[in-house]
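What follows is a set of notes on a single structure, which appears directly below.
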Amino acid sequence: MTDTLNRANVMHTLEREHTLARHQAETRRQEREAHATSGDSGAALRRSGKGFRDASHFQHAYLSIDPAQGALLYMLARAAKARHFVEFGSSFGISTLYLAAAAEDNDGQVIGSEYYANKREHALNNLRDAGLEHRVDIRLGDAMETLANVDDSIDFLFLDGEKSLYLPVLALLKPHLAPGAFVVADNLDHFEGVPGDFRHEIQHAEDFTSRLIPFGKGMLSVSRYRD
């Protein structure tokens, strides 16, 4: 059985990107602490009230999954024998690499979506470095438009973009979910778990079996579609 995640160029690309993501997170933590010490709320407050379309923070932040989350994505996809993947929020392409590795092993294809052109280009470069570019199509723009014409049935859907769009994107793609499809969503800790938000709705949806899985300070939801 092939294991593309252990291939040298894939491992090297992931190690490089995870290192960059950790370095950026540490730098920003130090900046926040410096601002707090000086009594200046800094960039965090200057971003307050802005959405992903107009906040430059999102354009340059990794906001990526960690290696443990990536390993879970890969193993779920392999175990499910998923071949048709959709990713909402490709960002710099770390999660995309894990999905593409599973697609390589399962002879599948990943459709990604990314709002920012610089992030999409970075992700495509990562895929080329890992030798997985032939498995992925990252569409540029608003996911409600770029994912509106997904034709194949979806075996595996990963939600990791703008949180307010989780429910609309799921509603958009739900008619294309194959029976038994996995829907995995990151950052469930960003939701209150009250009626009307994604965390509540996915846990109470009669056509999904869902579980929340804590990861460090974050949380994934793993849901199986029951058609």
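The table below gives the values:
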| item | result |
| --- | --- |
| Within the chain, helix-based [θ] at 222 nm, where runs of 4 or more DSSP H residues each add -39,500 (n - 2.57), nearest 500 | -13000 deg cm²/dmol |
| Kirkwood Rh and Cα Rg combined as Rg over Rh, evaluated for region 178-227 | 0.97 |
| Dipole magnitude (debye, nearest 20) for the chain, charges at Cβ of Lys, Arg, Asp, Glu | 380 debye |
| Helix runs (DSSP H) in the chain reaching 30 Å along axis by Cα, Kyte-Doolittle at least -0.5 | none |
| DSSP-defined antiparallel bridges as percent of all bridges, region 131-227, nearest 5 | 70 percent |
| Region 126-224 - charge dipole about Cα centre, Lys and Arg +1 at Cβ, Asp and Glu -1, debye rounded to 20 | 280 debye |
| Peptides 21-29, 123-131 ordered by average Cβ neighbours within 10 Å, highest first | 123-131, 21-29 |
| The chain - percent of accessible surface contributed by carbon and sulfur, probe 1.4 Å | 53 percent |
| Mean projected area in nm² (Cα convex hull; one quarter of hull surface) for the chain | 12.3 nm² |
| Euclidean distance between Cα centres, region 132-178 to region 60-129, Å | 12 Å |
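The values are calculated or read from the model by the stated rules, or taken from the named source; none is laboratory data. A quick note: this is a predicted structure, and the numbers were derived from the prediction, not measured. All Cβ positions, glycine included, derive from the backbone under ideal geometry; neighbour counts span all protein chains shown. Protein only, heavy atoms only, side chains kept; ligands, DNA and RNA dropped before computing areas. Shrake-Rupley method; radii C 1.70, N 1.55, O 1.52, S 1.80 Å.
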